[in-house]
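One structure is given below, encoded as structure tokens.
The values are calculated or read from the model by the stated rules, or taken from the named source; none is laboratory data. What you see is a predicted model, and the numbers here were worked out from it, not measured in a lab. Here the Cβ positions follow ideal geometry from the backbone for every residue, glycine too, while neighbour counts run over all protein chains shown. What goes into the accessible areas is simple: the full protein's heavy atoms, side chains included, and nothing from ligands, DNA or RNA. Shrake-Rupley method; radii C 1.70, N 1.55, O 1.52, S 1.80 Å.
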Amino acid sequence: MAGPATVSDRHAVLAGAFVQNRLRAAIAVLAIALGVALGFAVQLINGSAVDALSQSVRTVSGDADLVVRGPRSGFDESLFVVFARDPEVAVASPAVEVEARLAGRSETLRVIGLDLFRAAAIQPGLVAEAGNALDMLRPDTIFLSTAARAALGAARGDALALQVGLGDVRLRVAGQLAGAADERIAAMDIAGAQALFGRLGRLSRIDLRLRPGVDPQRFVERHAASLPAGVAIDRPDASLKATESVSRSYRVNLNVLALVALFTGGLLVFSTQALGVVRRRAQFALLRVLGVTRGRLARLVALEGALIGIAGAALGLAAGYAIARLAVRFAGADLGAGFFQGVEPRLRVDLWALATFFLLGLAAALLGSLLPAREAARAAPAHALKSGDEETALTRWRSPAPGLVLFAGAALLVGLPPIGGLPLAGYAAIACLLVGALLLMPRLAAAVLARIPMPSNVASALAIAQLRGAPGQVAVSLAAIVAAVSLVVSMAIMVDSFRTSLDAWLARILPAELYLRAPASDSAFLAPADRASIAQLEGVARVEFMREELLLLDPARPRVVLLARPLNEREAATRLPLVEPPVPRPADAPPPVWVNEAMVDLFGFRPGQVVSLPLAGRAAPFFVAGVWRDYGRPQGAVQIEESACVALTGDRTATNGAVWLVPGASAAAVRDAIRGTVPGGDRLEVALPGEIRTLSLAAFDRTFAVTYALEFAAALIGLVGLSSAFGALVVARRREFGVLRHLGMTRRQVGTMLATEGAATAVLGVGVGAVLGAAISLILIYVVNRQSFHWGMELAVPFGNLALFGVGVVALATLTAVLSGRQAMGNDAVRAVKEDW
């Protein structure tokens, strides 16, 4: 009489299961690894970038308790006297901070002008090394950090050329900074920096160290009311948090995409395990007869999933580190999105992140094994040992209640506002839709298959009858492909909508025939004389110049972009991509301002309101005349008439220009004239509207390269999952095929039956995935993107590409179904009938 199965017997069964299913197990491992790798890489890259920014803040602020900061162009230096004389302040260190353009190069260098003696007490890392510190008092010298010297290839005594306006200034490299070894930073005398960069009488920041016992919060409250408009006091790390918040939505979206890939991998584990249970139903029944309990059998199946999760998570962590290194090298710390420009992070593995993503991979595989483990344990041994019992497997998973509840939850979640500035409710709604659809698949498959007309061809009719009799197995086979197709469809619609809207937006905001721009920096600009020279060139009908400035409206948020340009109020509706008709301005209202969608969401600026903008240290009132669409400034932007800005600030410089030509003039000739005859014109970036659109769309495609790669990987996982499912079902149905061959069916007819099953299953999966993906895309467009980046877009569906994708999926699924059934067409299937004799 046989005794209970031993531990070694169970381990042998487990090893045998992996040997029999090694291809499907390997695919599941790779699917888990993909999700873990993407998530870990994104976390690693951005965590390292934030660490680098944090280190930079600590270097610049030293051991300051508080920092006074304002607009990017600075504030009146008379404020320094107020804090320097405050009895609660131990040391006040003024600074001028400029992101200076390197002459003749595309890079910028962060230059900080300091008071040597005050900085030595707070920011010793920004003071020159011992022996030549007094050279910092010279206005024509500059000191570089170790990283800056290495990047620029500059040695002591070399001349460093910086662009100011459209001209150059040269400074002598007098030595190296005592600290800031890893930061590309330069320091010089504050008076020299003010004179050099046109900041006379202005400061960028004041670092404060308070006397012992002074409460920083109380100090801030005491001074807050008396500060000029647009100037604030806060902790040194507040600017870091504000900068980090700009990229947070982008980083969270990438992490969510990685989790979706991980979820798809978990579905593949579920499909592999569930169909493996069907295939090994008799083996498990035999183990039960030999004494293995239900609980032990369930743990055996769960252990298989855990091993897949462990292998996938370990592989994913290694791949994620490799991906992060490559991404930082070729795309930068912002993955091409432009959030961390100039940051050169060193990848640092966070043990918590390592453990988190390992556990996520393990959890995805374990969750994918729970239902199959339960099914294996609940099967009655007597029935499971009989031929044909496979058809009864998975029939319990047909209740529609959980799926309908999740659909209702999704409908409620989409109406909720962002939580902590993130569209968490939108993400939850997408998860509810996806899981709910998968839970409804057995009932949906049964309903659809029941309505399919029975084909006249015998083989095809048998295929439809087989699918109708096992809707649970059909649903399990479709789990991964439905998730993959829905992801591809939703992302394709969202990306195409975004790209189409961006292209239309670029066409709207680029009405001129030629555009010019000073290189992005704080030191490059167009002076009034430069503007006059360009306007007087032959072939130029008129030029509209614009100045960009960064204003501090809220110290907890990034600075808002101010655009000052000639903008006739009556022509605003035709010149700006307004999202709704402009609001008429009352006769006694202040000057108009047009705000982008982010200003509505972040600051509550709504049409018809009177708002205040901090200009030249004063709160200037403006009437919100309209809201315009803006895909370039998610932190917020406002546009005002140039004359109003000049009246308040006196600043007549510009950073951009739009050139309209006289009829018949050549844009190429005018571009050559700007570069060749305007002093310093060769330093300007001059481009045609078409060139700008091409470059912008290319940058868009680079930013979404990760999304494209994820779409491809999802489609591949879905197809491989469907192929794996068919392979498992074919092996489990060998005896059925053997009987059909005994009854006279030819190999061609069996192949036709399998092709019909594959095509019908794939059509069902593609159809459900397309509908589900369309619903998810609406949430992505109107909820997630709006709450993440504060811009709207017009819906655009790439019907042609999606149709080709769907046809390709069905064709490949049909082919893989036939290839997976090769054993069913041979003599092995005929011999398999003997197993029941």
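Annotations
- Across region 561-578, rounded Karplus estimates of 3J(HN,Hα) from the backbone phi angles (6.51 cos²θ - 1.76 cosθ + 1.60, θ = phi - 60°) give 8, 9, 10, 10, 8, x, 8, 5, 4, 6, 9, 4, 5, 8, 8, 10, x, 5 Hz, Gly and Pro being marked x.
- Annotation: amide H of ALA620 within the under-5 Å range of LEU613, LEU615, sequence separation 5 or more or interchain, hydrogens built in the peptide plane.
- Counting Lys and Arg as +1 and Asp and Glu as -1 over every other residue whose Cβ lies under 12 Å from the Cβ of ALA654, the net charge comes to -1.
- Taking amide H atoms as placed 1.01 Å from N in the peptide plane, the amide H of ILE419 lies under 5 Å from those of LEU424, ALA425, each 5 or more residues away in sequence or on another chain.
- Net charge in the neighbourhood of ALA504 (other residues with Cβ under 12 Å of its Cβ; Lys, Arg +1, Asp, Glu -1) is +2.
- Separation of alpha-carbon centers, region 639-672 and region 485-523, rounded to whole Å: 22 Å
- Note on region 166-223: dipole from Cβ charges, positive end direction compared against PRO212, GLY175, ALA186; the farthest Cα belongs to PRO212.
- Accessible area per residue, Å², region 489-644 with all protein chains present, probe 1.4 Å: 39 Å²
- Qualifying GluC sites (Glu not before Pro) in region 65-172, DSSP loop, other Cβ atoms within 10 Å at most 16: GLU88, GLU107, GLU129
- In the complete set of protein chains, residue-level accessible area for LEU563 is approximately 0 Å², probe 1.4 angstrom.
- Under Karplus coefficients 6.51, -1.76 and 1.60, residue-wise ³J(HN,Hα) of region 622-638 in Hz, glycine/proline x: 9, 9, 6, 8, x, 10, 10, 7, 8, 9, x, 9, x, 7, x, 8, 9
- Our note on the geometry: Cα centres of region 153-206 and region 565-629, 38 Å apart.
- Shape analysis of region 89-157 places it in the prolate category; the axes a ≥ b ≥ c from the Cα gyration tensor give an a/c of at least 1.5, with a/b above b/c.
- At q = 0.19, 0.25, 0.29 Å⁻¹ the log10 of I(q)/I(0) for region 138-206 amounts to -0.78, -1.17, -1.29, computed by Debye summation with a single uniform scatterer per C-alpha, solvent ignored.
- Modelled spin labels at ASP651 and LEU695, positioned 7 Å past Cα toward Cβ, are 2.3 nm from each other.
- Peptides ranked, highest mean first, by Cβ atoms within 10 Å: ranges 28-39, 149-160: 28-39, 149-160
- Heavy-atom accessible surface of region 393-488: percent carbon and sulfur, 1.4 Å: 74 percent
- Carbon + sulfur, % of accessible area of region 510-659 - ligands and nucleic acids excluded, 1.4 Å: 51 percent
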